[in-house]
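Here the structure comes first, spelled out in C-alpha cells, and everything after it is commentary.
The values are calculated or read from the model by the stated rules, or taken from the named source; none is laboratory data. Just so it is clear, the model here is predicted, and its values are computed rather than measured. Don't worry about glycine lacking a Cβ; one is built from the backbone with ideal geometry, like all the others, and counts go over all protein chains shown.
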Amino acid sequence: MATINAIEAIIRTGNLPVNVKFLIEGEEEIGSPNLGKFIANNKDLLACDFALNPDTGLLGKDLPTITYALRGLAYFEIRVFGPDHDLHSGIFGGIVHNPAQALCELIAGMHDEQGRIMLPGYYDKVRPIDEEERADLARLVMDEEFYLKQTGAPAIWGEAGYSPVERTGARPTLEVNGILSGFSGEGSKTVLPAWAMAKISMRLVPDQDPEDVYKQLQLYMKNNAPNTIRYEIIKMVGSPATISDRDSSGVKALDQAMEAVWGKRPVFKREGGSVPVVGMFQEILGVESVNCGFSLPDDNFHSPNEKLNLPTWYRGIDTLIHFFFNLKNE
C-alpha cells in the first residue's frame with residue numbers, strides 16, 4: 001500500500017518519472033508454489049531493470065533499513081506410523097513403540113547440545129560470514145536484549161559461536177512448526193496413538209539448495225528411524241536464499257531516499273525470513289531486487305494484535321516518492 005500510495009501521489013501532482021509494473025501474488029506465505037512457472041512463462045511481460053520488493057521492515061522508528069539478504073526455505077511434513085489403529089495405553093504400552101514418542105526422539109536428535117543441525121551434510125554448502133560482514137552485522141542494534149524484548153522468551157538459544165544477529169540472518173536453521181498426535185482434548189484418554197505428524201521448516205542461507213536439504217532429511221531419517229515404526233516425508237515448498245547487489249541503481253536510489261526522509265543513512269541487514277519472488281527474479285529473469293519495508297520489530301507480524309505504526313508508514317510513502325524520482329537520475 002505504501003508503494004501504491006506513493007505512485008498515486010506522484011501521478012496526481014505530475015508525471016511518474018519511470019515505468020512501473022506491478023506483480024501481486026497471494027501465495028507468498030506458503031512458499032509461492034505457482035509463481036515460478038508464471039514468471040518463466042511471462043518473461044517478456046515481466047522484463048525490467050530491477051524490482052522493488054517492499055516486504056521487509058525497519059529495525060526501529062529512527063533506523064531506516066535496507067535488507068540485502070534473505071534466507072531461503074525448505075518445508076516438510078514428517079509422518080510416523082506405528083500400529084494400524086489407536087491402542088489402549090494400559091494394555092499395549094511398553095510393548096508397542098509409541099509413534100508420538102518416536103517422532104519426538106527423532107526431532108530431538110536433529111540438533112546437538114551446541115544448537116547445530118545434525119542432518120548429514122547440512123553445512124557442506126553454507127557460505128561462511130567473512131570478517132568484514134561480521135563487523136558490519138555487529139554494529140546493528142540486534143543483541144540479546146533486542147530479541148528478548150521482542151519475543152518475551154526467558155533466554156536466547158541457538159547455534160554456539162554466533163551472535164543473535166548472525167544466527168537469524170546468516171546461519172541456517174531447522175524449526176518444528178507444529179506437532180499433532182493422539183488425544184489432545186480436555187480431560188484424559190489413555191490412548192497409544194497410531195500415528196504422529198510434525199511440520200518441519202529449514203531457513204537456508206546462500207549456496208544451500210532445498211533439494212539437497214530434502215535428501216539430507218531423508219538420509220537422517222533412514223539412519224535414525226527405528227524399525228518399530230514406518231515413516232514418510234512429504235516435500236511441500238522450497239526456495240533458495242538470496243543476496244542482493246548493494247551497489248545496484250535500485251539500492252542507491254533507496255539509500256538516498258531514506259536519507260532524505262529520515263535525515264540519516266540507512267543501515268543494511270540480513271533478513272531471517274524468506275521471500276521466494278526475490279530468488280525467482282534473480283534465477284529466471286536475471287533481475288536484482290531492492291528490499292525494503294516499513295513495519296517495526298514489535299508490530300507482531302504473524303501474531304495476534306498485528307499492527308502498523310502509522311507515522312513510520314507515512315515516512316515510508318515519502319521515501320518511495322523520493323525513490324522513484326531518484327531512479328530517473330541513476
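With respect to R265, is the statement that it is surrounded by fewer than 16 Cβ atoms within 10 Å (Cβ to Cβ), among the charged types (D, E, K, R), closer than 30 Å to D209 by Cβ and more than 16 Å from the chain's Cα centre (by Cα) true? Working first, answer last.
Details: surrounded by fewer than 16 Cβ atoms within 10 Å (Cβ to Cβ): yes; among the charged types (D, E, K, R): yes; closer than 30 Å to D209 by Cβ: no; more than 16 Å from the chain's Cα centre (by Cα): yes.
No; evaluated as a whole, the condition is false for this residue.
Taking the stretch 266-295 only, how many residues are modelled with pLDDT of 90 or more, closer than 24 Å to P164 by Cα and either assigned to a loop (DSSP other than H, G, I, E, B) or not assigned by TED's automatic domain parsing to the domain that holds G31 (or both)?
Final tally of qualifying residues: 4.
Could you tell me whether the stretch 99-113 includes any residue that is touching a residue at least 60 places away in the same chain (Cβ under 8 Å), among the aliphatic types (A, V, I, L, M), within 18 Å of G272 (Cα to Cα) and touching a strand residue (DSSP E or B) at 6+ places or on another chain (Cβ under 8 Å)?
No, that holds for no residue.
Give me the pairs, please: first residue somewhere in the stretch 212-223 and touching a residue at least 24 places away in the same chain (Cβ under 8 Å) and in the same structural domain as F76 (by TED's automatic domain parsing), second residue anywhere and of a type in the set (F, W, Y) and crowded, with 17+ Cβ neighbours inside 10 Å, beta-carbon distance under 7 Å, and either six or more positions apart or on two chains.
Listed pairs, sorted by first residue: Q216/Y122; L217/F76; M221/Y231.
I want to confirm something. Restricting to the stretch 115-140 and keeping residues that are under 17 Å from A241 (Cα atoms) and hydrophobic (A, V, I, L, M, F, W, C), which single residue is modelled with the highest pLDDT?
Going through the qualifying residues, I end up with V126.
Please determine, by comparing only the residues of the stretch 136-164 that are of a type in the set (A, V, I, L, M, F, W, C) and exposed (fewer than 13 other Cβ atoms within 10 Å of the Cβ), which one is nearest to L58 (Cα to Cα).
V141
So in the stretch 253-265, with the set limited to residues that are touching a strand residue (DSSP E or B) at 6+ places or on another chain (Cβ under 9 Å) and assigned to a helix (DSSP H, G or I), which one is farthest from E145 (Cα to Cα)?
Among those that are touching a strand residue (DSSP E or B) at 6+ places or on another chain (Cβ under 9 Å) and assigned to a helix (DSSP H, G or I), it is A253.
Where in the stretch 77-181 are there helices (runs of 4 or more DSSP H), lying wholly inside it, with at least 1 residues that are touching a helix residue (DSSP H, G or I) at 6+ places or on another chain (Cβ under 8 Å)?
Those helices (runs of 4 or more DSSP H) span 99-108, 131-138, 144-151, 164-169.
Against the conditions (1) buried (at least 20 other Cβ atoms within 10 Å of the Cβ); (2) in contact with a strand residue (DSSP E or B) (Cβ under 7 Å, 6 or more places away or on another chain); (3) hydroxyl-bearing (S, T, Y), where does Y220 fall short? Just the number, please.
Among (1) buried (at least 20 other Cβ atoms within 10 Å of the Cβ); (2) in contact with a strand residue (DSSP E or B) (Cβ under 7 Å, 6 or more places away or on another chain); (3) hydroxyl-bearing (S, T, Y), the lone unmet condition for Y220 is (2).
Could you grab me the full set of residues in the stretch 120-134 that are more than 18 Å from M202 (Cα to Cα) and either among the hydrophobic types (A, V, I, L, M, F, W, C) or in contact with a Gly (Cβ under 9 Å, 6 or more places away or on another chain) (or both)?
I129
Give me the pairs: first residue in the stretch 143-161 and outside the structural domain of D299 (by TED's automatic domain parsing), second residue in a loop (DSSP other than H, G, I, E, B) and among the hydroxyl-bearing types (S, T, Y), beta-carbon distance under 9 Å, and six or more apart or on different chains, which are they?
That search, which allows pairs on different chains as well, returns D143/S163; E144/S163; G158/T173; E159/T173.
Quick one: how many residues across the stretch 23-58 are in contact with a helix residue (DSSP H, G or I) (Cβ under 8 Å, 6 or more places away or on another chain) and either part of a loop (DSSP other than H, G, I, E, B) or basic (K, R) (or both)?
Selection size over the stretch 23-58: 13.
Just a yes or no: is a residue in the stretch 32-42 under 25 Å from the mean Cα position of the chain (by Cα), in the same structural domain as P206 (by TED's automatic domain parsing) and more than 23 Å from G250 (Cα to Cα)? Write out each step before concluding.
Going residue by residue through the stretch 32-42, those that are under 25 Å from the mean Cα position of the chain (by Cα) are 32-40.
Right, trim to in the same structural domain as P206 (by TED's automatic domain parsing) and you get none.
The answer is no; no qualifying residue exists.
Which is more than 22 Å from the chain's Cα centre (by Cα) and in contact (Cβ under 8 Å) with a residue 24 or more places away in the chain, of P226, P206?
Criteria check complete, one pass: P226.
Among the residues of the stretch 181-196, are any touching a residue at least 12 places away in the same chain (Cβ under 8 Å) and within 24 Å of the chain's Cα centre (by Cα)?
Looking for residues that are touching a residue at least 12 places away in the same chain (Cβ under 8 Å) and within 24 Å of the chain's Cα centre (by Cα), one finds none in the stretch 181-196, hence no.
Could you list, in sequence order, the residues of the stretch 302-330 that are hydrophobic (A, V, I, L, M, F, W, C) and either surrounded by 14 or more Cβ atoms within 10 Å (Cβ to Cβ) or touching a His at 6+ places or on another chain (Cβ under 6 Å) (or both)?
Selection gives L308, W313, I317, L320, I321, F323, F324, F325, L327.
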